[in-house]
Ligand SMILES: [Zn+2]
């Protein structure tokens with residue numbers, strides 16, 4: 001499950017990336033549908049990271065070649081993408097320092113609980 005420790009690690013990683021001018025996008029998901037998302041950077045930078053992740057994901061499925069991966073690749077080629085539904089999203093999206101402080105405030109107010 002997405003524990004508080006995982007949420008804190010995502011948040012810490014987002015802060016560290018922000019501090020070092022590193023663009024980042026990561027998502028974690030558990031079986032009960034909880035999600036933790038960390039994104040740092042401009043919209044273009046985050047888009048670039050997501051593109052890189054998608055390429056890596058497709059590569060890994062091409063390299064695997066099992067029937068599940070082959071079917072998924074076919075689905076993607078057919079444009080039939082399914083979006084995972086989440087009941088609880090913990091988002092740490094940072095585009096600038098001010099916005100990040102707002103995120104921290106919202107975390108403190110318990111908006112992500
Ligand atoms: Zn496979």
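The values are calculated or read from the model by the stated rules, or taken from the named source; none is laboratory data. Computed from a predicted model, the values in this text were never measured in an experiment. Because the Cβ atoms are built from the backbone with ideal geometry, glycine has one as well, and the counts that use them run over all protein chains shown.
Check 56, 28 and return the single one that is closer than 26 Å to residue 72 by Cα and exposed (fewer than 13 other Cβ atoms within 10 Å of the Cβ).
Exactly one residue qualifies, and that residue is 56.
List the number of the failed condition for residue 95; all other conditions in (1) more than 16 Å from the ligand (Cβ to nearest atom); (2) surrounded by 14 or more Cβ atoms within 10 Å (Cβ to Cβ); (3) modelled with pLDDT of 90 or more hold.
(3)
The conditions are (1) surrounded by 14 or more Cβ atoms within 10 Å (Cβ to Cβ); (2) in contact (Cβ under 8 Å) with a residue 24 or more places away in the chain, and residue 72 fails exactly one of them. Which is it?
Checking residue 72 against (1) surrounded by 14 or more Cβ atoms within 10 Å (Cβ to Cβ); (2) in contact (Cβ under 8 Å) with a residue 24 or more places away in the chain, the one that fails is (2).
Given the criterion touching a strand residue (DSSP E or B) at 6+ places or on another chain (Cβ under 8 Å) and at pLDDT below 80, identify the matching residue among 112, 29.
112
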